[in-house]
Each structure stands twice: as structure tokens, then as C-alpha cells.
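Below is one structure, written out as C-alpha cells, with a few remarks after it.
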């Protein structure tokens, strides 16, 4: 089956001056006479396209084509709220003489993204369960600020006046327990970024904290979310229905982002407005393709960006399996009744 054309009006969400139109899909059984639109797995596989457009160490942009909005939105929400990570959950404050209150400092530490593979940890069985090496990592923060004796007279820069006047995430020290030292020897747990400022100190002030990190989900608290942003938009589509008068061409080009529309001269030297992309050439209606989603996902650092979508798909499949098993059990109980 050939890939469906972008000009197919059934795929369009109309962008009108004051509203959007044709927001609902129409390709379902018995809607079009003589056409069978029953869901077909083979056709779905053939029409499904996932194309990575840009991949960096922290973000991925990809196109997802051939699915409806509920599926795309479910994938987005799972990445935000269901893919687990590891974050600081409990902070024991042995000493804090900084200007920042204990609870505020603990909250800031909890929001620090940790470079720990959550797939190697178990969820804690309960909130009051004792920490175990298979479900908890421990970090210590012990920093005291002192005055530099070699500081120049009249110096005002705190970095030259004091030792450890700023407490950064790089000062969090991992404290292994049991076999953790062997399991994580090659890649020890640590903050994703070492330069996040936690609190400022002055001579005589210190912080002494004992922190416990555990596995959790973004649905429980935003600190467990593995993404900084996870969003999508529908592919824009522009259709030219006739020639643009020469006196309006420059204004027409200015209505679109740079690079979308340009003016070229034809063989006779006459300027013409054409679209840079060949699939738009020769076709001025605005639309969006209802089943073509442009995803932008930025990792918070716990996962490489290319692993976020596969992890979200695994969770989605597990949810679908749970629903299937529940329905099978329900129907079997009704049959036995």
C-alpha cells in the first residue's frame, strides 16, 4: 500500500480564520458507502512511520505518522508521568546552619536529577519499608565554609574570600551499601549535572545531610519525571489553489516562517511563488495533517533521549495487557455465572 498523500482531505484538520474545522476523523466503519474502514493490523503496520529528525545528547525530535491523537497523547503522558526514575525522597538533616530552611533545602535536593538507571532498582514495597540495597541509594552532603587566609585585602569576590561558599550538586557523595559497590563500579550513581547550586554559605556555616534516593514515577511527584519537555504538534500543510499576483508575492512570503515559501524565476524570467518542499508544489488553504505528529522530547538526564520512547511503549503495552487480562477475567466470570 502506497503512503497516503498529504493532499488527501480526509487527513486534514482545517485551519480557518476564526476556528479549526474537521477536527474529528471520519474513517470508521459504515461512514463511507462501499468502503471498509475496519481496523486492520496489517494495514496499521504498513502505514505506521517513526522517523527521527534530530537527535542530540539531551533531546530527540521525531515524526510519528499513522496513529490517532489518543495514541500520540497517551505516549506523551506516559513519558511525563509513568516512566520511572530515581530521585531523593528522604533527607535527614544532621546540621544546617545556612540561611535556607531545612525543608526548602530538602525540597531543592529532591528536584536534582540523578544519573541512576531505574531499571536496576526495585520499587520500595511500602512507604515505611526499611531501605534495602536493591531499592535505595544513599548520598551524603557535608560542606563547611571557611575564610581564606590568603585573600587579598579589600577582596569582595566570595570565591576568593571563602572556601566552599557555594554548595553544588557535585558535592553529593554516593555512599554504596552491600553489593552496590560492585554493581555500579563502572557507572557510579551521581547527579546528572555537577554545577547546580543548592545553597550558599558564609564562614562558620555548614550543611550535613544524609539523603535517600528511591525509584518513583512522575505521577507521584514531578521530580520523578524523566523529561523536561514532551510535546507534539500536527504537521502543517499549505495548499496553493492559484497563482499569487506579483505585487503580493513578497507579502505572501512574509506570512510564513523563513524557508517555507520562496520566490523563484521560471525559464522565462517570470517570478513564481513555490513551496520549497516538493510535495507542496503546484498546490492557499491551510491545514494540519491529523495523523502526522511532530514530537519534541527533552530528557532531564536520567535516560538517553533515544531510550525514552521505547520505555514509554513498554509501559503502554503493559497497560494494554492488563486491560486485556481484566476483560478476559470479567467475561469468564460472566460465562460461569
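Quick one: residue 113 ticks every box in (1) at pLDDT below 95; (2) in contact with a strand residue (DSSP E or B) (Cβ under 8 Å, 6 or more places away or on another chain) bar one, so which box is it?
Evaluating residue 113 over (1) at pLDDT below 95; (2) in contact with a strand residue (DSSP E or B) (Cβ under 8 Å, 6 or more places away or on another chain) leaves (1) as the failure.
Suppose we keep only residues that are in a helix (DSSP H, G or I) and within 26 Å of the chain's Cα centre (by Cα) within region 116-160. Which one would you say is nearest to residue 95 (Cα to Cα)?
Restricting to residues being in a helix (DSSP H, G or I) and within 26 Å of the chain's Cα centre (by Cα), the top hit is 118.
For region 236-252, check the following and say yes or no: at least one residue is at pLDDT below 95, within 26 Å of the chain's Cα centre (by Cα) and surrounded by 14 or more Cβ atoms within 10 Å (Cβ to Cβ).
yes
Would you please name the residue that is modelled with the lowest pLDDT, looking only at residues in region 222-231 that are within 16 Å of residue 293 (Cα to Cα) and surrounded by fewer than 18 Cβ atoms within 10 Å (Cβ to Cβ)?
For region 222-231, the residue satisfying everything is 229.
Condition check: within 29 Å of the chain's Cα centre (by Cα), surrounded by fewer than 16 Cβ atoms within 10 Å (Cβ to Cβ), at pLDDT below 90 and more than 22 Å from residue 72 (Cα to Cα). Does residue 268 satisfy that?
no
The values are calculated or read from the model by the stated rules, or taken from the named source; none is laboratory data. Since we're looking at a predicted model, the values are computed, not measured. Note: ideal-geometry Cβ built from the backbone for every residue, glycine included; neighbour counts use all protein chains shown.
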